[in-house]
1. How many residues does region 192-210 hold that are away from the ligand (no atom under 16 Å from the Cβ) and either under 22 Å from Asp237 (Cα atoms) or of a type in the set (Ser, Thr, Tyr) (or both)?
2. I'd like to verify a number: residues in region 97-125 that are farther than 22 Å from Ser157 by Cβ and of a type in the set (Gly, Ala, Ser), how many?
3. Pick out the one residue from Glu133, Glu127 that is more than 27 Å from Val38 (Cβ to Cβ) and out of contact with any strand residue (DSSP E or B) (no Cβ under 8 Å at 6 or more places or on another chain).
4. Give the residues of region 20-54 that are of a type in the set (Gly, Ala, Ser) and surrounded by 14 or more Cβ atoms within 10 Å (Cβ to Cβ), sorted by residue number.
5. State all residues of region 55-65 that are assigned to a loop (DSSP other than H, G, I, E, B), surrounded by 19 or more Cβ atoms within 10 Å (Cβ to Cβ) and of a type outside the set (Val, Ile, Thr); if no residue qualifies, say none.
6. What pairs can you find where one residue is in region 83-97 and closer than 15 Å to Ala40 by Cβ, the other is of a type in the set (Asp, Glu) and within 11 Å of the ligand (Cβ to nearest atom), and their Cβ atoms are less than 9 Å apart, with a gap of 6+ or different chains?
7. Would you list the helices (runs of 4 or more DSSP H) that sit entirely within region 66-175 and hold 3 or more residues that are farther than 23 Å from Pro202 by Cα?
8. Do you know which residues across region 190-208 are part of a helix (DSSP H, G or I) and of a type in the set (A, V, I, L, M, F, W, C)?
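The values are calculated or read from the model by the stated rules, or taken from the named source; none is laboratory data. The shown structure was predicted, so the numbers you read here are calculated from the model rather than taken from an experiment. Note: ideal-geometry Cβ built from the backbone for every residue, glycine included; neighbour counts use all protein chains shown.
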Amino acid sequence: MKKRIFGNWKMNGSLAANAALLDLLKQGLGHADCEIAVCAPAPYLVQLQSLLSGRAIAIGAQDVSAQASGAFTGEVSGAMLREFGVRYVLVGHSERRQYHAESDELVARKAQAALASGITPVVCVGETLAQREAGETEAVVRRQLSAVVQRNGHCLSEIVLAYEPVWAIGTGLTATPAQAQAVHAVLRAQLLAATTAAARIPILYGGSMNAANAAELLAQADIDGGLVGGASLKAADFLAIVACAG
Ligand code: 13P
C-alpha cells in the first residue's frame, strides 16, 4: 500500500510560520509517491484550505468532538472540520488521553463522529514507559483498539491506525524497528480478526521519527507510514522523511 507520512504540528505555528513552512514543502515535494497530510491547530485550517487547495498535501485536524452539535462550549464538530477541507483527524493522541483524560470509549466515539462526517480518523494507541516495563504493552494497545473496533466495526476499513509509544514521543527515544514492528503485528492481527479489509488499513508509527531513522522503520512489514511530530515543523526534516517513503 502507498505509504502515508502525516505531520502533527501539535500546538505550534503562526500564520507567518505556517505559510513559510508550507511554501517550502510545496517547493520540495516534487512527485512524492506517498500520501502526505499535515494536522494543524483548528484556527489555522482556513489558512491551510486556501494554501493547499489542489495540492498533494491533505489537511488534517488534531481533535474532533464526539458530539454533532449543540451546547458543548469549546468543541469543534466533524461537520465544521469538513467545511475546511479536512480529510483526516487525529483521535486519541496520547497527549489528549493524558492531559484531557480521554477514555478509550470517548476516543471510539470521536472516531465514530469523524467517520459520520466523512473524515478519516487517525486512531492513536500506545503504551507508557511504565506499562512497557510492566510487560503490558500488548494488552494496552489491544484494549485501546478494541474500543474502536467494537463501536466502529462496520466501517473499520475506513480508519487509519497509529502506534505511538508514549515514551518515544518528543523524547528522541525511538522504538527500534523491531520493537515497533512487533506491536504493529499485534495490531494487524487484531484488525484481521475484526475485518477482512485488515490488510488495507494503514498502521503508522509515531514517536521521534526523523530523517535518520525513518527508512528503517518504514521498511518493516506492518509499518505503513509515519506520524511525525517535531520533525514535521522543519521542512527539510519532513521532506527527508517523505523521501524515505516515496
Ligand atoms: P515526535 O515526533 O515529536 O516524537 O511526536 C510524535 C507524535 O506525537 C506525533 O503525533
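1. Of the residues in region 192-210, the ones away from the ligand (no atom under 16 Å from the Cβ) are 192-201.
Next, only the ones that are either under 22 Å from Asp237 (Cα atoms) or of a type in the set (Ser, Thr, Tyr) (or both) stay: 195-196.
Here the count works out to 2.
2. 2
3. The conditions single out Glu133.
4. Across region 20-54, the qualifying residues are Gly28, Ala32, Ala37, Ala40, Ala42.
5. Going through region 55-65, the residues assigned to a loop (DSSP other than H, G, I, E, B) turn out to be 55-56, 62-65.
Keeping just the survivors that are surrounded by 19 or more Cβ atoms within 10 Å (Cβ to Cβ) gives 62-65.
Of everything in region 55-65, those that are assigned to a loop (DSSP other than H, G, I, E, B), surrounded by 19 or more Cβ atoms within 10 Å (Cβ to Cβ) and of a type outside the set (Val, Ile, Thr) turn out to be Gln62, Asp63, Ser65.
6. Here the result reads His93/Glu164, each pair linking region 83-97 to a residue that is of a type in the set (Asp, Glu) and within 11 Å of the ligand (Cβ to nearest atom).
7. Working: elements: 78-83, 94-99, 104-116, 129-133, 137-152.
Per the criteria, 78-83, 129-133.
8. Result: Leu191, Leu192, Ala193, Ala194, Ala198, Ala199.
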